[in-house]
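The values are calculated or read from the model by the stated rules, or taken from the named source; none is laboratory data. Predicted, not measured: the structure shown is a model, and the values here were computed from it. Positions of Cβ are backbone-derived with ideal geometry, glycine not excepted, and every protein chain shown enters the neighbour counts. Surface areas here come from the heavy atoms of the whole protein model, side chains and all, with no ligands, DNA or RNA. Shrake-Rupley method; radii C 1.70, N 1.55, O 1.52, S 1.80 Å.
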Amino acid sequence: MISSNEYGSNSWELMVTVDHQHTEVQKEFLLQVTGDLHIGGLMLKLVEQIKIPQDWSDYAFWWEQKKCWLLKTHWTLDKCGVQADAKLIFTTQHKMLRLRLPNMKTVRLKVSFSAIVFRAVSDICRILNIRRSEELSLLKQSEDVLKKKKRRDKNGKEPVTEDVLNLCDSPVSSGLSGSPGLYSKSMTPTYDPTSGTPASTITWFSDSPLTEQNCNILALSHYNSSPETLAEMYQPRTLADKARLNAGWLDSSRSLMEQGILEDDQLLLRFKYYTFFDLNPKYDAVRINQIYEQARWAILLEEIDCTEEEMLIFAALQACTWPNKLQLSSEVQDFTCESEVDEVEAALSNLEVTLEGGKTSSALEDITDIPKLADNLRLVRQRRLSLRTIKAYWFVFKDTSISYFKNKESALGEPIEKLNLKGCEVVPDVNVASKKFGIKLLIPVADGMNEVYLRCENENQYAPWMAACVLASKGKTMADSSYQSEVEKILSFLKMKNWTMSPQAACDPENIDMKPECFISLRYNKKHKSKQLAARILEAHQNISHLSLVQAKLHFIQAWQSLPEFGLSYYIVRFKGSKKEDVLGVSYNRLIRIDIATGDPITTWRFSNMKQWNVNWEIRQVAIEFDQNVSIAFTCLSADCKIIHEYIGGYIFLSTRSKQNETLDEDLFHKLTGGQE
């Protein structure tokens, strides 16, 4: 008998299961506790009863029924709501997890299952030596992918033995606190001039466990994209299929364990937000390669659409990063010199020259006089019965608007029409081989989108007009400092598309160690023979054969960013007041309502015009208010509405980053993405 004097009249029994590896020691313990006992005291009482001499510092209580951790050790059992029927498990917070990286390599490492996903991803990126962890998150594989794997196994094919990189001995993995995750610019790594990968200073997170060999696995491309491999992988065919790919993002404000992730489960580590801030080849060998690999697989699996001409450009850029890189030129390119301008040093130089009364460089200064474009362009209008009318007009581009007149002489009067491009969709329609340089503008109007099609004469006319349209769609003018770089980026991409096989560089595809099938999506592989593909890839390769490995990857990422569908994550939704399903595209600066049957954009809403957004958690409905009394509401059918809510808040959070302040405001991230369920 237990006397009431010994334990108190309000004491009760609590069963706790201990998750330990000692087979000879019992795992269930019955503790006599009171409601005013705090969690730390419960731990002490339990460890005293277990009597196993080991480090228990990584252990914490997991409440099985409530699916939550009891991490606030100063809270009492009463405050936590723990009663006699509670099933508590005393288990480690850090557990093994398998992560499939964007380059399709799998790493196995210890991750905190009690920390929120945002923090867990930050620790993972520190281990993998990837800066800007806020751009990444963890994704559960879709059911369609898992079904395809099961179907392949049923067909009698032997499962491929996966080569797993084990990183479980890292300081972060062991549960120790790591560095804040910032890099130091004084730590200057030495780079290989050919590959651009670190040659001596491998890591610039002081607690990263990466050896030189492991760093090369993550920073170099290892091609495993044969037609047989692609055929076995899930490829989305429709917008609905693409929407399913984005349904499995984990909630950044909850822990892995709270979301049903178990020890040794496999998740995908992916770049969730397509705003790659401060990409620096000096520090980002792993990060650049992983972005490149995510882009490469998106192209090969046709998760993003591109033309045949663009596919060949991507294939040629991949050939530049091939282990046995195509060397059609005898010149060896040196990658040791850097042309980047340090903004702080440039600003100080400008200040010094200004104080001395000299003339400063205008490259980093604001333009007060907004420039304008004026030229003859052709306007293409769609008529009934699929007929088109093409007519030349005098166009004037100023601020964020395009006006067109009958001719140059009438430009002083009223325009025939003035088009405000703020918030519009800009779609390139270019075929360099056919000398086709078109700009498709989808301008929001009350009942949908007004389609306007402009046609330019050549690339030199096209680039400035296209750049002006892209900036205007974001609400920026040609006075913006990014205008000139946007023009140069477009010209660079057009130059890559404009290839001709020179007699000096011509060679027999059979004499080149290249497998064209590894660089092209399955659809184009079926369309052309291997020799034809090799010859066309070699043609496209002429303009870019001089690029180093890292330069080729950066050009690939830039070309990927130039695609019309870049950065769009799709979800199936039903808008309030509508009976049919639509697709919602979420991008870094806008939301697009898309017809699920045709794929045509219906309406675009810019984040810059958004006043507020909220979620009705009871009916799982997202409501957003924009300027000019525009409001929308929708329910998400292909995923939890929390995912879209987090996407919107995440992109707004990422837009607040600056090079001057390297520290992330985690509280602001959770205010914008967490929601109040």
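Within the stretch 587-609, the set of residues being out of contact with any Leu (no Cβ under 9 Å at 6 or more places or on another chain), more than 15 Å from Leu239 (Cβ to Cβ) and not charged (D, E, K, R) comprises Asn589, Ser608, Asn609. Only one entry in Ile602, Ile619 is among the hydrophobic types (A, V, I, L, M, F, W, C), in a loop (DSSP other than H, G, I, E, B) and over 20 Å from the mean Cα position of the chain (by Cα), namely Ile619. Apart from one condition, Lys515 fits all of (1) modelled with pLDDT of 85 or more; (2) open to solvent by 50 Å² or more (accessible area, probe 1.4 Å); (3) over 19 Å from Thr307 (Cα atoms); (4) not acidic (Asp, Glu); the exception is (1). Remark: pairs (first residue in the stretch 662-675, part of a helix (DSSP H, G or I); second residue open to solvent by 60 Å² or more (accessible area, probe 1.4 Å); Cβ separation under 8 Å; 6+ apart in sequence or on different chains) = Glu666/Arg119; Leu668/Thr656.
Residue-wise test of (1) crowded, with 20+ Cβ neighbours inside 10 Å; (2) at pLDDT below 90; (3) assigned to a loop (DSSP other than H, G, I, E, B); (4) not assigned by the TED database to the domain that holds Ala463.
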position: Val550; (1), (2), (3), (4): yes, no, no, yes
position: Lys553; (1), (2), (3), (4): yes, no, no, yes
position: Pro564; (1), (2), (3), (4): no, yes, yes, yes
position: Val573; (1), (2), (3), (4): yes, no, no, yes
position: Leu584; (1), (2), (3), (4): yes, no, no, yes
position: Arg593; (1), (2), (3), (4): yes, no, no, yes
position: Ala597; (1), (2), (3), (4): no, no, yes, yes
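Looking at the structure I just gave you, is Val396 more than 23 Å from Met610 (Cα to Cα), crowded, with 17+ Cβ neighbours inside 10 Å and modelled with pLDDT under 90? Outline the logic, then answer.
Numbers: more than 23 Å from Met610 (Cα to Cα): yes; crowded, with 17+ Cβ neighbours inside 10 Å: yes; modelled with pLDDT under 90: no.
When the stated conditions are applied, Val396 does not pass them.
Scanning the stretch 402-416 for residues being open to solvent by 20 Å² or more (accessible area, probe 1.4 Å), in contact with a strand residue (DSSP E or B) (Cβ under 6 Å, 6 or more places away or on another chain) and either among the acidic types (Asp, Glu) or not in a loop (DSSP other than H, G, I, E, B) (or both) gives a total of 1.
Residues that are in a loop (DSSP other than H, G, I, E, B), over 30 Å from Glu135 (Cβ atoms) and open to solvent by 10 Å² or more (accessible area, probe 1.4 Å) within the stretch 83-124 comprise Gln83, Ala84, Asp85, Lys87, listed in sequence order. In the stretch 55-82, of all residues being within 20 Å of Gln26 (Cα to Cα) and without any contact (Cβ under 8 Å) to a residue 24 or more places away in the chain, the one that is least open to solvent (accessible area, probe 1.4 Å) corresponds to Trp56. For first residues located in the stretch 456-483 and at positive phi and part of a loop (DSSP other than H, G, I, E, B), partners that are modelled with pLDDT under 95 and of a type in the set (D, E, K, R) and lie 6+ apart or on another chain with Cβ distances below 9 Å form the pairs Gly475/Lys422; Gly475/Arg606.
For the stretch 433-468, taking the residues that are of a type in the set (Gly, Ala, Ser) and at pLDDT 90 or above, the one that is surrounded by the most Cβ atoms within 10 Å (Cβ to Cβ) is identified as Ala468. When the strands (runs of 3 or more DSSP E) confined to the stretch 21-70 are screened for residues that are out of contact with any Ser or Thr (no Cβ under 6 Å at 6 or more places or on another chain) and more than 19 Å from Phe113 (Cβ to Cβ), those reaching at least 1 such residues are found at 28-33.
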